[in-house]
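The values are calculated or read from the model by the stated rules, or taken from the named source; none is laboratory data. Quantities reported herein were computed from a predicted structural model and do not represent experimental measurements. Methodologically, a virtual Cβ is constructed for each residue, glycine included, from the backbone with ideal geometry; neighbour enumeration extends over all protein chains shown.
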């Protein structure tokens, strides 16, 4: 395994290149990445990898149930007859008292 002392000149070189030419390197990367992505998305990489062999096909299925109704929630419990609900259950009259 290469020690950190032997890799330090390489790191210094890369740091200097990025410091001095970082904006130019970024623009080159951006202009190269766009055609490369277009080529990969159009199938160029697949043709190159599977030359003479059948390319695998990926099928993505999406199941959307049509016509099914969502389950109904259970009915609310019936009120107790003869009892009046308390209109102010948290009756803290002195909650803001000093």
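Things worth noting here:
- Some residue of segment 63-72 being at pLDDT 75 or above, exposed (fewer than 10 other Cβ atoms within 10 Å of the Cβ) and either at positive phi or outside any helix (DSSP H, G or I) (or both): yes
- Where residue 11 falls short, out of the listed (1) within 31 Å of the chain's Cα centre (by Cα); (2) surrounded by 10 or more Cβ atoms within 10 Å (Cβ to Cβ): (1)
- Hits in segment 1-46 - residues which are closer than 24 Å to residue 58 by Cβ and outside any helix (DSSP H, G or I): 42, 43
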